[in-house]
1. Shape call for region 1-124 from the C-alpha gyration tensor, a ≥ b ≥ c root eigenvalues: rounded (a/c under 1.5), prolate (a/b greater than b/c) or oblate?
2. How do the peptides 241-254, 218-231 rank, highest first, by the average count of neighbouring beta carbon atoms within 10 Å per residue?
3. Sequence gap at least 6, Cα distance under 8 Å: using those rules, report the relative contact order of the chain to the nearest whole percent.
4. What translational D, rounded to a whole number of µm²/s, comes out for the chain from Stokes-Einstein when the hydrodynamic radius is the Kirkwood one over Cα pairs, at 20 °C and 1.002 mPa s?
5. Where the convex hull is taken over the Cα atoms of region 108-155, what is its projected area averaged over directions, in nm²?
6. Which links in Lys99/Lys183; Lys247/Lys318; Lys94/Lys164; Lys94/Lys247; Lys169/Lys318; Lys99/Lys325 stretch past 24 Å when you go from one Cα to the other?
7. What does region 14-54 give for Rg and for Dmax, in Å, if only its C-alpha atoms count?
8. Work from the charge dipole of region 181-259 (Cβ charges, +1 for Lys and Arg, -1 for Asp and Glu, about the Cα centre) and give the residue of Phe206, Gly224, Ile254 farthest towards its positive end.
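Quick note: the coordinates plus some simple rules give every number you see, no bench work behind them. Owing to the predicted nature of the structure, the values given are computational and were not obtained by experimental measurement. We place every Cβ from the backbone using ideal geometry, glycine too, and count neighbours over all the protein chains shown.
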Amino acid sequence: MSIVGETGSPVDPPTIPQRRLYTGAAMPAVGLGTFGSDHVPPAEVAAAVKGAASVGYRHFDCASVYGNEDAVGASLEAILRSGIKREELWVNSKVWNDKHGEEDVIASCRKSLADLRLNYLDMFLVHWPFPNYHPPGCDVTSRSPNAKPYIHADYMKTWRAMEKLVDLKLVRHIGTSNMTIPKLKLVLRDARIKPAVNEMELHPHFQQPELFRFVMQNGIQPIGFCPLGSPGRPERDRAPEDSEPMKDPVIVRIAERHGIHPAGVCIKWAVQRGQTPIPFSVNPRNHAANLRAAAEDPLSDDEMRAIAGIDRNCRLIKGQVFLWKEGQTWEDLWDINGEITQP
Ligand SMILES: NC(=O)c1ccc[n+]([C@@H]2O[C@H](COP(=O)([O-])OP(=O)(O)OC[C@H]3O[C@@H](n4cnc5c(N)ncnc54)[C@H](OP(=O)(O)O)[C@@H]3O)[C@@H](O)[C@H]2O)c1
């Protein structure tokens, strides 16, 4: 298939590892992120989607708030017209935080479907567990005047609408994102349709071992965002204490041994550990290299152990804009004491 010109050499999609979801569905174990981080224009992301498909990507992680689903949809349409079948693709989208009301969830999904030119989504996620809107491109001090904490009864109203989307056959699976163990325990207790995935930040400097174990033990597949440490993330998500996994000496040494970029090591580690990384890239060479990293030349057990040892518990996407009252710190969003932070 050739739907774009210049690319790296392609990877045969059947050689890409797959994750088996609790429903029995198979999801490609690596996907392309599509968040332009407020600075990559929609047309460039859309071109990346086409280019990535031409080298073998079949899994695309979209969201309404990325502001590019219409452009990405034109690319998906071209990909499908080029002969790739709909059932060969895996497409995620997400409902944004100002659309948690029952009717809003359904309308948001229908809008994403229309923009993406699809008649169903493989996965629809609740993007954040907080119904607190902030505008794209805002800075770290931005707060919603009506900000609210996590209220489980409210989240379940949103989740009921998510379940209805499955009943309506608009989506095949539903999932959560940016959740914690105590929040997920309540959702697992009360859901009629359990989340099939939890999308969460995962990279060698932020391995979230407890949450990772929890979701695996509960039959929820972890999708790992910022798998490379998100070097292009928005200004609001940068802090002086942040680290850079691709520059870690352990990662660099392993990359040299395999003759690849450190990005490839982060992706191999993620795929072999069991999560599904969704690296973003608008560079055709990187698409092919990242996909090849997921499919070929695995890390040794020693290399996997060495990477397990470099976790720094360094969360990059801290979520300050979701804080709901004065005097809080971003840790309050993440229930670090094992209990949901009190309103
Ligand atoms: N659920 C959520 O709340 C949430 C939050 C954040 C992100 N996400 C999802 O996760 C995706 C990935 O996260 P991210 O975009 O923040 O960060 P990322 O994937 O960790 O990093 C992307 C950056 O790495 C560079 N890169 C990619 N491949 C490379 C390679 N082989 N060599 C060197 N550099 C490389 C890219 O530059 P080039 O473009 O030049 O290759 C880009 O600047 C997002 O796009 C989005 O879909 C979800």
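1. Oblate, since a/c reaches 1.5 and b/c is not below a/b.
2. Going by the mean number of other Cβ atoms within 10 Å, highest first, we get 218-231, 241-254.
3. 21 percent
4. 106 µm²/s
5. Approximately 4.8 nm², given one-decimal rounding.
6. Checking Cα-Cα distances, Lys94/Lys247; Lys169/Lys318 exceed 24 Å.
7. For region 14-54, the Cα radius of gyration and maximum Cα-Cα distance read 13.5, 38 Å.
8. Gly224
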